[in-house]
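Every read-out reported here was derived from the displayed coordinates using simple, explicitly stated rules and does not represent laboratory data. What you see is a predicted model; the values in this text were computed from it and never measured. Cβ placement follows ideal geometry from the backbone for every residue including glycine, while neighbour counts extend to all protein chains displayed.
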Amino acid sequence: MVTRKLAALAAVLLTGALSLTACSNGPSNSGGSSSPADSQLNKVLKAGTLRVAVLPDFPPWAVQKSDGSFQGYEIDIAKELADSLGVKLKLVPTNGDSRLPLLQSNRVDVNISAWTATNERAQTAGFTIPYDAHGAGVLFKKGADIKSYQDIAGKSVAVARGSTNDTILTTDFPSAKPVRFDAITDVISAVKTGKVDAGLESSYTVAQAAKADSSLDAISSPPLDPQLVSMGVLQGDQVWMNYLNTFIRNLIASGEDNKLHEKWLHEPLASIVSVQGNAA
Amino acid sequence: MTINFAAVLPYLPVMLKGLGISLEVTVLSFFIGSVLGIFVHLGRRSPFAPLRWLGAAFVEVFRNTPLLVQLYLIYFGLPQVGINLDPFWSTLAGMTLNNAAYTSEIFRAGIESVPTGLLEAAGALGMRFGQTFRFIVFKPAIRNVLPALTNQFIVLFLFSSVGSVISLNELTSALADLNQRTLRTLEIFTIGGLLYFLASGVIAGSSRLAERYLFRW
């Protein structure tokens with residue numbers, strides 16, 4: 001009696017487990033086909049609304065204010081994209097984990113969310129040409145013997161554990177001594193209190209920290225090891241991808257991207273990105 | 001990613017090095033803190049009112065605030081008044097003061113648990129104060145609170161992980177770094193948890209041995 005019940009329970013669980021694995025292994029990354037009619041571009045034009053996934057907590061790239069509205073560098077780019085299509089703009093907040101799922105469940109048409117186009121990610125998501133580059137900058141106390149990025153070799157450098165700056169430090173400056181903190185504010189505090197010789201963080205962050213504290217100085221232009229940031233879409237929709245690439249190229253060539261970048265980040269667009277807008 | 005413990009085993013030396021630092025800071029802070037705790041307790045029993053208040057204030061401040069807050073104050077806050085300590089000494093200072101506050105209360109419980117009848121008997125037998133304290137008060141008191149002290153030692157050891165936030169390279173910080181590098185969260189933190197468990201087990205085991213052989217009536 002008991003063994004029969006156990007066998008039934010085991011059968012149910014096994015079937016459940018198998019069906020779950022079958023579901024998760026199914027490919028769900030393909031977007032529309034390359035035919036213009038099926039493309040996301042057409043769908044957006046027909047619907048009259050462009051849905052864009054953006055970050056709500058990454059000022060000044062994008063931040064959601066207390067009244068629910070968004071503002072920031074990437075928000076302005078999203079507005080320009082919607083204007084170029086002649087449609088309304090709808091912003092959807094996202095985070096690192098949900099960028100791809102939002103595309104796959106057709107809740108957004110495109111991601112403009114500080115998405116770094118790494119090779120690993122490009123195997124599952126579609127990336128346009130870059131519109132921005134985030135690089136690192138060095139923060140140090142005024143009077144320290146640091147005149148260029150190379151001077152941090154052999155010094156103790158604070159980084160946020162596991163960040164891209166952590167990787168930059170360990171691969172490009174193996175002689176430097178990394179001191180890892182969990183929070184970016186701790187990295188800045190460590191430099192301020194003299195616990196480390198320098199701190200490596202995003203170029204914007206170090207520039208702001210040096211501006212806010214007269215005892216600190218920073219080297220942030222041009223940013224070190226820029227990571228390319230692209231718009232993200234589903235793979236397979238070449239028509240949509242082509243439109244976005246054209247839009248981005250024109251945005252850069254007209255100087256608009258640089259203007260927005262200066263407005264929000266107070267520094268020019270990295271040359272590795274702006275070169276895409278140069279006439280051949 | 002499938003679960004693969006073998007992929008994480010090459011990093012065991014890094015974890016053991018972190019464990020060594022965790023143990024080092026724990027042992028030092030426990031013994032220094034316990035001695036300090038005895039003095040704090042004696043201060044609270046002194047006839048000098050300011051000394052009593054100082055002792056009481058010390059215990060309240062360091063027992064009723066989180067160790068993390070204390071470490072932040074020591075490591076990031078003190079430089080603003082000119083005291084600059086490295087992560088190891090900051091963690092040691094914070095854990096020692098924290099431990100002193102807790103153990104002074106444990107010692108209070110232990111010493112108060114010795115029946116006053118025994119003290120009177122010792123006086124009647126003509127024992128000097130030093131002899132009374134050592135044989136009649138201190139050793140029985142410690143024996144009574146050995147489980148509480150062992151608890152405190154293990155808790156202090158596990159709390160050493162808070163040092164990772166102020167960049168001390170102990171076990172938890174090693175685990176966090178390895179996790180970021182390999183993304184094998186389950187394997188790394190399972191082995192890390194096992195290391196903490198085994199080390200705590202050794203502490204608990206040696207305490208039980210001490211109970212049986214060093215503190216027999």
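Setting aside same-chain residues fewer than 8 positions from A:Lys43, which aspartates and glutamates have a Cα under 18 Å from its Cα?
A:Asp83, A:Asp109, A:Asp237
Of all beta bridges DSSP finds with both residues in the protein assembly as shown, what is the antiparallel percent, to the nearest 5? Mind dumping the intermediate values first?
Details: 23 of 39 bridges.
Around 60 percent antiparallel, to the nearest 5.
List every DSSP H helix in chain B whose Cα atoms extend 15 Å or more along the helix's own long axis and whose mean Kyte-Doolittle hydropathy is at least -1.0.
On the way: long enough: B:12-44 (46 Å, 1.50); B:49-63 (21 Å, 0.77); B:87-112 (37 Å, 0.17); B:139-159 (28 Å, 1.04); B:171-182 (16 Å, -0.18); B:185-213 (42 Å, 0.82).
Helix filter hits for chain B: B:12-44, B:49-63, B:87-112, B:139-159, B:171-182, B:185-213.
Provide the FRET efficiency to the nearest 0.05 for the B:Leu51-A:Lys177 pair, computing r from the beta carbons and using R0 = 41 Å. Kindly include the intermediate steps, with their values, before the conclusion.
Working: r = 44 Å, r/R0 = 1.08.
After rounding, the FRET efficiency stands at 0.40.
Rounded to the nearest 0.05, what FRET efficiency do A:Ser221 and B:Phe31 give with R0 = 45 Å and r taken as the Cβ-Cβ distance? Could you check?
On the way: r = 52 Å, r/R0 = 1.16.
Efficiency, from the Cβ-Cβ distance: 0.30.
I need the helices of chain A that pass two filters: whole DSSP H segments spanning 15 Å or more by Cα along the axis, and mean Kyte-Doolittle score no lower than -1.0. Intermediate results must be reported in sequence, preceding the final value.
Details: long enough: A:2-25 (34 Å, 1.19); A:73-85 (19 Å, 0.02); A:238-253 (22 Å, 0.37).
Once both thresholds are applied, what remains is A:2-25, A:73-85, A:238-253.
What is the calculated FRET efficiency for B:Glu24 to B:Leu68, with r their C-beta to C-beta distance and R₀ = 25 Å, to the nearest 0.05? If you can, show how the numbers build up before the last one.
On the way: r = 20 Å, r/R0 = 0.80.
Here the calculated transfer efficiency is 0.80.
What translational diffusion coefficient, to the nearest whole µm²/s, does the protein assembly as shown have by Stokes-Einstein, given a Kirkwood radius computed over alpha-carbon pairs, a temperature of 20 °C and 1.002 mPa s viscosity?
Working: Rh = 27.6 Å.
In µm²/s, the coefficient is 78.
May I ask you to compute the full-extension gain from A:Leu45 to A:Asn250, defined as 0.36 nm times their residue separation minus their alpha-carbon distance, rounded to one decimal in nm? Mind showing how you got there, number by number?
Working: separation 205, 0.36 × 205 = 73.80 nm, distance 1.96 nm.
Once the chain is fully extended between A:Leu45 and A:Asn250, it gains 71.8 nm.
Is the C-alpha gyration tensor of the stretch B:15-213 telling us rounded, prolate or oblate? Criteria: a/c under 1.5 is rounded; beyond that, a/b larger than b/c is prolate, otherwise oblate.
Since a/c reaches 1.5 but b/c is at least a/b, the shape of the stretch B:15-213 is classed as oblate.
Rounded, prolate or oblate for the stretch A:135-225? Axes are the square roots of the Cα gyration tensor eigenvalues, ordered a ≥ b ≥ c, and the cut-off for rounded is a/c under 1.5.
Values: a/c = 1.27, a/b = 1.21, b/c = 1.05.
Here the stretch A:135-225 falls in the rounded category.
Need one word for chain A: rounded, prolate or oblate. Basis is the Cα gyration tensor (sqrt eigenvalues a ≥ b ≥ c); a/c below 1.5 gives rounded, then a/b vs b/c decides. Don't skip to the answer; put the middle values down first.
Working: a/c = 2.31, a/b = 1.31, b/c = 1.77.
Oblate, since a/c reaches 1.5 and b/c is not below a/b.
Average projected area of the Cα convex hull of the stretch A:177-280, in nm²? Don't skip to the answer; put the middle values down first.
Details: hull surface 36.7 nm².
Convex hull of Cα atoms, orientation-averaged projection: 9.2 nm².
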